[in-house]
1. For the Cα atoms of chain A, what angle does the longest principal axis make with the long axis of helix A:89-99, in degrees from 0 to 90, nearest 10?
2. Go through region B:504-544 and name the trypsin sites (Lys or Arg not before Pro) that are in a DSSP coil and have 12 or fewer other Cβ atoms within 10 Å of their Cβ.
3. May I have the pair-distance distribution P(r) for the protein assembly as shown, computed from all Cα-Cα distances with 10 Å bins from 0 and rounded to whole percent?
4. With the cut-off at 18 Å, tell me which of the pairs A:Lys23/B:Lys26; B:Lys190/B:Lys246; B:Lys259/B:Lys314 have Cα atoms farther apart than that.
5. Express the relative contact order of chain B as a whole percentage, based on alpha carbon pairs under 8 Å and six or more residues apart in sequence.
6. Charges on Cβ only, +1 for Lys and Arg, -1 for Asp and Glu, centred on the Cα centroid of the protein assembly as shown; of B:Pro241, A:Pro133, B:Ala495, which one is farthest towards the dipole's positive end?
7. Give me the net charge for the shell around B:Leu205: Cβ to Cβ below 11 angstrom, other residues only, Lys and Arg +1, Asp and Glu -1.
8. Which whole-number percentage describes the relative contact order of region B:437-537, with Cα contacts under 8 Å and a sequence gap of 6 or more?
Amino acid sequence: MARQPDGPPPPPTVQKLRIRYAKRGRLRFASHRDLARALERSLRRAQVPMAFSAGFSPHPKISYIGAAPTGSASEAEYLEIGVAIRCEPEAVRAALDAALPEDIAVLECVEAGQGTGSLADRIDTSVWRVELPGVSLAELQPAVEQFLASDVVTVAKRTKNGLKDIDARPAVASASAAEEAGCAILHMVVRQVTPAVRPDDVLAALAAVADLRPPSPPRAVREAQGRLDDTGTVADPLGPDREARSSVQEEHATV
Amino acid sequence: MTAELRTATGESLYPRLEPLLAQVQKPIQYVGGELNAQVKPWESADVHWALMYPDAYEVGLPNQGLMILYEVLNERPDVLAERTYAVWPDLAGLMRENGVPQFTVDGHRSVRDFDLLGVSFATELGYTNLLEALDLAGVPVHVVDRDETHPVVVAGGHAAFNPEPVADFVDCAALGDGEQAVGDITDVVKAWKAQGRPGGREELLARLARVDGVYVPRFYAVTYGADGTIAAVTRTRDDVPERVGKRTVMDLDEWPYPKTPLVPLAESVHERMSVEIFRGCTRGCRFCQAGMITRPVRERTITGIGSMVEQGLKATGYEEVGLLSLSSADHSEIGQVAKELADRYEDSKVSLSLPSTRVDAFNVTLANELSRNGRRSGLTFAPEGGSERIRRVINKTVSKEDLVRTVTTAYANGWTQVKLYFMCGLPTETDEDVLEIAELAVEVIRAGREASGRKDIRCTVSIGGFVPKPHTPFQWASQASAETIDHRLRVLRQAINADRRIGRSIGLRYHDGKPGVIEGLLSRGDRRVGRVIERVWREGGKFDGWSEHFSYDRWVGAATEELAGFGVDLDWYTTRERTQHEILPWDHLDSGLDKEWLWDDWQEALSEEEVADCRWTPCYDCGVCPTMGTEIQIGPTGRSLLPLTVV
């Protein structure tokens, strides 16, 4: 007979917290797994009263939503945690931020609003900013125009099963070129589709349509994530939780 | 000198490195920024140390030795210490193409800028990685080509007890415990720099050669006889010691390092924190270099252990703590340590583990205690030798009955997987000794199924070829050839698979005999072997500890060509048995062990006689304590862990 853990099952989740964090600087080279390990250790160091799964190897209740690719920075990564004791979201944000390495910043923490649905359902699009050192606006501008004018742009994408051809065009909702301090900047809004179209794939597409080949590796930052509406705006995925929170507070105020 | 003296600025190479990182595998390993890492301003320190582990980051980062020195050195306000690791070939290629030198992961400074490069050799298979790192750093690989602006290359770690094969490439070797030695070396370098570098590099090295525990190969000349053996090793300066003795740190409680262990973002080979519960071992296993060169036993007290575990957990957020030593169950208060730590962390998610080595029912009790409320999956024992006879030869005596009983007890207590470590190619070994491993495994499974009432228990036999090491009683032994090892592994595999009903519960993990032969060449080699190492590196050899990078043929080819002129060859260094009075390449390096005692112990091994542990049967015969002025430091202290006060 296999052994079972002694004692009662672990305490249940009493509150869900939704967190936005950034990975910056050198830590853009961290993979999703690297970040997950760092976050779990930091939650322990910050003494956040996590809820755990049952069994011999209990896991803290954490769900990660999407993950920027290794090598990309991000100002908008999301995760949700379950805690066993109610916490003040801002206190959790500050404690976790202090426990994490400098280049990971915890930007927001809100309580999941009752009946507002899942966080994952509120995210289907990324807003990217890609710096292209050594490329001028005059080179980037026509490449972006050519790309947007194309119906199909096939690029080879590296997957677990080797190289695979994908069409990079339909996922890109919008794209534009700009320039800062002599360095071309590509802004784009990209739908999160399967297989994923990442900044590297769009850059490969620019090489395919306009032979744009940056002399040194571009630097991508995910600036926002959320749901893309018909007007082309990406909505803040934590908005509904914040609204639910303030309406609860108003109710209390009127009592 | 007409050229202007190069000034080291410690400037960060990161802006030049960053574009390369986007093009390599696992770039996170090169960016630093680990929890508890330190970056000091370059100008704040008088002496700059680069500390290298000559293997991949994932292997090097958890290394305790390097982590301890990093912290001990950085505690000094006049010292800056940063870490560097072997760079994988994908990045090394890009670095050469773009002129980016070997860098430290902390401040991304050029290794060339540092005063000292300390390299920790846990295994000889890191030698080619040292040459690669020096070359990438822009430091001449040969000691003789360096000037006073180049870092002083200091080898440490267990392999430094025979640094002769790398004598052409390292300026010094530091023997024994490094905690105090690095401070003394720092002081010498600091004074020499403050005085305006009098006498250049030669003078600095001469001063370092007078530091206790520091060996400077260039001040010792080696001559060879007609038969290829060493004729003499003589000093070339009379102000350096004739023999260099090792350093020993006494009172481990005074050295509670690492206090704030490094926690990497990248995945590493040990996803846990380690606390060294004692140093040294006097069990007297004759194959074990670590047990011979780290004598005497020095225990950390139960309270010292308790506070290191607590502080370390706070500083890291790790979930698992390993209680580390050469034979952890031998700590005089281990029962109490295990129970009280288990009590203390019972309600937390922290798990405790003990790297088990000895086959002993007590080990099962300890493991049960530490896994009180956790999963019981794997337990490891190391009988090392397959038969009772060979276990007497290696002085790791345990009867077959005790072995089977211990493992059966483990299964009966809910452990489902037991791993057994063995070696093959031990002195006097025959096929029959190795075949007994199969009998043992079959019996263990049979008895285990009966005792536990389960069919899903497993036994994994892990086996590798034995490599004779310097400063052990087996330093004279003939190493088994790769063919012998591979043959014995083949017959063992057949024997295990003979009965499928039992055999399917037994796993066999093994390493073929070839890498062991090269490790043997490097372990017991002399200065002539340096040419082989250099040739292999020049032909592209590195990461020799990794099967996908190791090339046996390249090593054999290089050995054949480079050694031919000396009248010796690969077999001469490996399969040849040494005679009693042969001068061994490491005889002028003093681990404290009396050579006569080692020889007698070798003879006793051949006649299958055991030797007792001096912790329980007082004996000063090995010579270490009288030579080094040290004493065994063990408990029990009678103290206990107090409940932690709530903070």
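Read-outs: derived from the displayed coordinates by stated rules, not from any lab. Here the structure is a predicted model, which is why all the values come from computation and not from measurement. Cβ: placed from backbone, ideal geometry, glycine included. Neighbour counts: every protein chain shown.
1. Helix A:89-99 sits at roughly 70 degrees to that axis.
2. Passing both the DSSP loop test and the Cβ count: B:Arg504.
3. 2, 11, 18, 22, 21, 15, 8, 3, 1, 0, 0
4. Pairs exceeding the cut-off: B:Lys190/B:Lys246.
5. This gives 14 percent for chain B.
6. After comparing all options, I get B:Ala495.
7. It works out to a net charge of +2.
8. 37 percent
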